[in-house]
Amino acid sequence: SGYLMSLIDVHSATTAIPSQGCFYSLFSGCKNITTSPMLSATTLTDYCYMRLFMDCSKLTVAPELPVTTLAQNCYAAMFASCTALTQAPTLPATTLAEHCYDSMFGGCSNITQAPALPATTLARSCYLGMFSDCSNLTQTPTLPATTLAEYCYYNMFRGCSKLTQAPELPATTLAESCYGGMFMNCTSLSEAPALPVTTLAEYCYGRMFEGCTSLTQAPALPA
């Protein structure tokens, strides 16, 4: 019918995904899919859409994702290696979960702009590798959170080789590996963001700017 939930309920009346991993990898590797069905569910479960369209290299338009409360790994690698995708969907969620956006757009080499990420309360590894290897990404989202979670931004923009400007990082409370590898191999990044935090956490800045060959000046580190 064009609604993914019709696989659960033929009348498409059900809005709650019934079990963990329900649609895991459903269309993964379907290299001739160009459009997706509508994702009308309003209640997600852990791993429900993980790898749903991974390696769908001709997918040009992502479905709308209106859910505001996420589940563990729900969107992880959902569009990974969708190399024809040029625009990411709007992501209005304000309640995150562990690994919810993990590698969601990893390898989407034609996405140029990241969607807004309005959540202010983060979860462990929530944005881990979210835009890794998006080699044409030039615009990042605002990252408003002031209290971070373990690995929350780990490898988030790794390999975004056309990224010239980093977002502001206003957080004052860090967590283990929170910024680890965040801008690794961003070879066009010419200026590092300010890092004003005075109390650090284990590996919080580990490999943050590794391979950033265009950086000429390091930020002040007042901790």
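Does Leu128 satisfy the condition of being open to solvent by less than 40 Å² (accessible area, probe 1.4 Å), within 20 Å of Asn73 (Cβ to Cβ), more than 15 Å from the chain's Cα centre (by Cα) and without any contact (Cβ under 8 Å) to a residue 60 or more places away in the chain?
Numbers: open to solvent by less than 40 Å² (accessible area, probe 1.4 Å): yes; within 20 Å of Asn73 (Cβ to Cβ): yes; more than 15 Å from the chain's Cα centre (by Cα): no; without any contact (Cβ under 8 Å) to a residue 60 or more places away in the chain: yes.
The answer is no for Leu128.
For Asn155, the conditions (1) on the phi < 0 side of the Ramachandran plot; (2) open to solvent by less than 60 Å² (accessible area, probe 1.4 Å) are fulfilled apart from (1). Looking at Ala119, Ala77, just one residue is open to solvent by less than 30 Å² (accessible area, probe 1.4 Å), more than 20 Å from Ser36 (Cα to Cα) and out of contact with any Cys (no Cβ under 7 Å at 6 or more places or on another chain), and that residue is Ala119. Taking the criterion of being of a type outside the set (D, E, K, R), open to solvent by 10 Å² or more (accessible area, probe 1.4 Å) and farther than 18 Å from Pro141 by Cβ, the residues of the range 81-98 that qualify are Ser81, Thr83, Ala84, Ala97. Of the residues making up the range 175-200, those that are open to solvent by 30 Å² or more (accessible area, probe 1.4 Å) and part of a loop (DSSP other than H, G, I, E, B) are Glu176, Asn185, Thr187, Ser188, Ser190, Ala194, Pro196, Thr198, Thr199, Leu200. Restricting the first member to the range 58-75 and to residues that are more than 15 Å from Tyr47 (Cα to Cα), and the second to residues that are hydrophobic (A, V, I, L, M, F, W, C) and outside any loop (DSSP other than H, G, I, E, B), the beta-carbon pairs closer than 7 Å and six or more apart or on different chains are Pro63/Met38.
The values are calculated or read from the model by the stated rules, or taken from the named source; none is laboratory data. Everything numeric in this text was worked out from a predicted model, so none of it was measured. In this analysis, Cβ positions are derived from the backbone assuming ideal geometry, glycine residues included, and neighbour counts consider all displayed protein chains. What goes into the accessible areas is simple: the full protein's heavy atoms, side chains included, and nothing from ligands, DNA or RNA. Shrake-Rupley method; radii C 1.70, N 1.55, O 1.52, S 1.80 Å.
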